[in-house]
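Beneath this line is the structure, given in structure tokens, with notes to follow.
Please treat every number below as a calculation from the coordinates, not as lab data. Note that the coordinates shown come from a computational prediction; the quantities given were computed from them, not determined experimentally. Don't worry about glycine lacking a Cβ; one is built from the backbone with ideal geometry, like all the others, and counts go over all protein chains shown.
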2 protein chains.
Amino acid sequence: MRLGLEAEDRDEIFVPHVFDEHRVDLGEVRMNYATVGDASAPKLLLIPAQSESWWGYEKAMPLLAERFNVFAVDLRGQGRSTWTPGRYTLDNMGNDLVRFIDLVIGEPTVVSGLSSGGMLSAWLSAYAKPGQIRAAVYEDPPLFGAERDPAFGHPTSQGAGPIFAMWHKWLGDQWSIGDWNGMRAAAAHELPPHLAGRPWPLDPPQNLREYDPEWGRAFSSGSALAGCDHARMLSMVKVPVLFTHHSRQIDPHTGRVQGAISDLQAGMVCEIVTSAGQPIDYRSFPQMGHFMHAQDPELFCRTIFDWHDSLQLDPLVPVG
Amino acid sequence: MRLGLEAEDRDEIFVPHVFDEHRVDLGEVRMNYATVGDASAPKLLLIPAQSESWWGYEKAMPLLAERFNVFAVDLRGQGRSTWTPGRYTLDNMGNDLVRFIDLVIGEPTVVSGLSSGGMLSAWLSAYAKPGQIRAAVYEDPPLFGAERDPAFGHPTSQGAGPIFAMWHKWLGDQWSIGDWNGMRAAAAHELPPHLAGRPWPLDPPQNLREYDPEWGRAFSSGSALAGCDHARMLSMVKVPVLFTHHSRQIDPHTGRVQGAISDLQAGMVCEIVTSAGQPIDYRSFPQMGHFMHAQDPELFCRTIFDWHDSLQLDPLVPVG
């Protein structure tokens, strides 16, 4: 099943949601998003994980809307946003969000992102246009752990990389293969032991149906991060950070890691951001799954509110 | 001689110019530029070649100012703009210019760029924010010819790539080696015959002193263009194009190319842009050197004025 690049070309795969969806033309991509909350409240941009669409935040959004004007997006290659073959890099995705903040949000923003979205939250905290970002939440981000040649700790091949490679191999760029059953059968022997135990459902889950598996190739091969060394990026962070660290285990025999980022790597993140002159609030949730914002939205929101209050940010002066 | 990343860190290398220089903070980089012309005239952004600073356009700028409000920039890694180790990609450079147009120019713009700057002119014509670009000039751009694995014609290794690799080898990232004499001595036997005849001056010329040789590595290795396939980019062009094609020769025995882009590749550029629905005005100047805008600024300006008149663009309605 060869799917087109715009949402209209693959309309049959989508399902309805509680919040209305909108689309904005950013130039190269049409970006899909949902928004909730009082337009006069502080802005919060939510950035989903790899293979997650905006509605991964659907349960958290009404709670966050008590304090924020919330925007949740589909990144390029996911959901109803444009798929961009050959162009899945963190830098391109980050600059999509720079344009989104300019064109849709229009004022300084707190950003929060999970996993790959957490890397983008870090990217924005370092590389956004001046004044766009007020503060950043890194939700269980695979900093260093998603790199092919990290400055610290294990590379992606010893973490979650093999899952992304497997998705790509059996599903193909833009689902051009789509052999879900072949993938289910192969998973037990293709994946390394620390990943092989994971059960795969009979049919592709909705979030994966909305995912361009070429992402998987870009991340497992390292091309997505080729121009974006994490140590350098973290040394440029310009705003306060909240880092939530979820479940992780290191196999003592092989050194392979279940989880997005090891304790060693998390320590280096905190050290580099601190050296960059920014406060980083590190909170460890060792019992919490990767998708905390869906698994325990109340705790997720409480954690953000608590940190946000502690920052004592000045109220924004309205422009114009 | 290890040089710093901001202009202040390497202030001793710069020389005065006719036009004042200004700097704008784009987030990751501080971008240096000069501007001339009536602020109410149509905007023109000039993008220099690899190893060229903004003042490569210095002779053309007063002529262009008869019709345009002109802005000439130093790209990241060149002149008084920030050097960005590990982050020299066409996508990052293109997005710097998106921010520059937003923050400095502030209205729809004609863009003109030479060589690598011509690739960026093409990038902007395809991937800029909606409405930023009115029309684009590609000055002798190495489209396909700068790629490591091009869809059409020769790869960079059979064109100018070995020069960039040599600069990097002997001068080093951020001039960390700086062995100019070693490079001069090695050039005759390290470069392939079609490039080896070029004489190198006794001392590094000013434009190269202002260049981060890490650019050379990024372009000769292909990493600068890894996320930016030229055929795909050209298929997304959204504005009218002027393509000036300068001197080029193909060695009939080896197939190696002296010049930025072969006739075959130029033909494919025109075909793809036309298929994208945009007019492309192809003008061949087979006797003209690569740096037409410095070598013959009158002809360069006349060519742009003539083409610009032919477009009959609607006057811009002032905003606000």
Task: Axis proximity, chain A to B: residue whose C-beta lies nearest, plus whole-Å distance - done: A:Asn95, 2
Task: Share of pairwise Cα separations in the protein assembly as shown, more than 40 Å, in percent - done: 30 percent
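Is the shape of chain B rounded, prolate or oblate, going by the alpha carbon gyration tensor and its root eigenvalues a ≥ b ≥ c, with a/c under 1.5 for rounded and a/b larger than b/c for prolate?
Oblate is the answer for chain B, as a/c is 1.5 or above yet b/c matches or exceeds a/b.
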Open item on the list: Under 5 Å between amide hydrogens, which residues at least 5 positions from B:Ile133 or on another chain qualify, with H placed 1.01 Å from N in the peptide plane?
Closed with: B:Thr109
Open item on the list: Let me spell out the model: positive unit charges on the Cβ of Lys and Arg, negative unit charges on the Cβ of Asp and Glu, origin at the Cα centre of the range A:205-273. What dipole size does that give, in debye rounded to 20?
Closed with: 40 debye
Task: Check: chain B dipole with +1 on Lys, Arg Cβ and -1 on Asp, Glu Cβ, in debye - done: 500 debye
Task: Under the Karplus curve 6.51 cos²θ - 1.76 cosθ + 1.60, θ = phi - 60°, whole-Hz ³J(HN,Hα) for the range A:155-160, x wherever Gly or Pro sits - done: x, 4, 5, 9, x, 8
Task: Spin-label pair A:Arg283/B:Ser275, simplified geometry with 7 Å Cα→Cβ offset, distance in nm - done: 5.2 nm
Open item on the list: When a/c reaches 1.5 or more, the comparison of a/b and b/c decides; with that in mind, is the range A:260-320 rounded, prolate or oblate per its Cα gyration tensor?
Closed with: oblate
Task: Antiparallel %, DSSP beta bridges [both residues in chain B], to 5 - done: 30 percent
Open item on the list: Name the residue from A:Gly178, A:Met288, A:Pro150 whose Cα lies farthest towards the positive end of the charge dipole of the range A:139-296, charges +1 on Cβ of Lys and Arg and -1 on Cβ of Asp and Glu.
Closed with: A:Pro150
Task: Whole-number percent relative contact order across chain A, with pairs defined as alpha carbons under 8 Å at least 6 apart - done: 19 percent
TODO: Rounded to the nearest 500, what is the 222 nm mean residue ellipticity of the protein assembly as shown from helices alone, with -39500 (n - 2.57) per DSSP H run of 4+ residues and division by all residues?
DONE: -8500 deg cm²/dmol
- [ ] Apply 1/(1 + (r/R0)^6) to the Cβ-Cβ distance of B:Gln295 and A:Ser221, taking R0 = 60 Å, and write down the FRET efficiency to the nearest 0.05.
- [x] 0.90
Open item on the list: With +1 assigned to the C-beta of every Lys and Arg and -1 to the C-beta of every Asp and Glu, and no other charges, what is the dipole magnitude of the range B:44-164 about the Cα centre in debye, to the nearest 20?
Closed with: 180 debye
- [ ] Using a 10 Å cut-off on Cβ to Cβ distances, tally the other chain neighbours for every residue of A:85-95 and report the average as a whole number.
- [x] 5
- [ ] Would you kindly work out, in nm and rounded to one decimal, the distances from the label point of B:Gln206 to those of the same position in each other copy, ordered shortest first, with label points 7 Å along Cα-to-Cβ?
- [x] 6.3
Task: lysines whose Cα lies under 29 Å from that of A:Lys129, excluding same-chain neighbours fewer than 8 positions away - done: A:Lys43, A:Lys238, B:Lys43, B:Lys129, B:Lys238
TODO: Run through the other copies and list how far each one's label point is from that of A:Asp11, in nm with one decimal, shortest first; the point sits 7 Å from Cα along Cα-Cβ.
DONE: 6.2
Task: Contact order relative to length of the range B:6-133, as percent, for alpha carbon pairs under 8 angstrom and 6 or more apart - done: 28 percent
- [ ] Please report the relative contact order for the range B:85-157, taking Cα pairs under 8 Å with a sequence separation of at least 6, and give it as a percent rounded to a whole number.
- [x] 27 percent
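What fraction of the Cα pairs in the range B:35-144, stated in percent, has a spacing above 23 angstrom? Before the final figure, lay out the partial values.
Numbers: 1143 of 5995 pairs.
Considering the range B:35-144, 19 percent of its Cα-Cα pairs are separated by more than 23 Å.
Can you give the % of DSSP beta bridges in the protein assembly as shown that are antiparallel, to the nearest 5? Provide the component values of the computation, followed by the final result.
Numbers: 22 of 70 bridges.
Around 30 percent of the beta bridges assigned by DSSP in the protein assembly as shown are antiparallel ones.
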Open item on the list: If each label sits 7 angstrom from Cα along the C-beta direction, how far apart, in nm, is B:Ala231 from its counterparts in the other copies?
Closed with: 3.9
Open item on the list: Please report the projected area of the range B:225-302's Cα convex hull averaged over all directions, in nm².
Closed with: 6.3 nm²
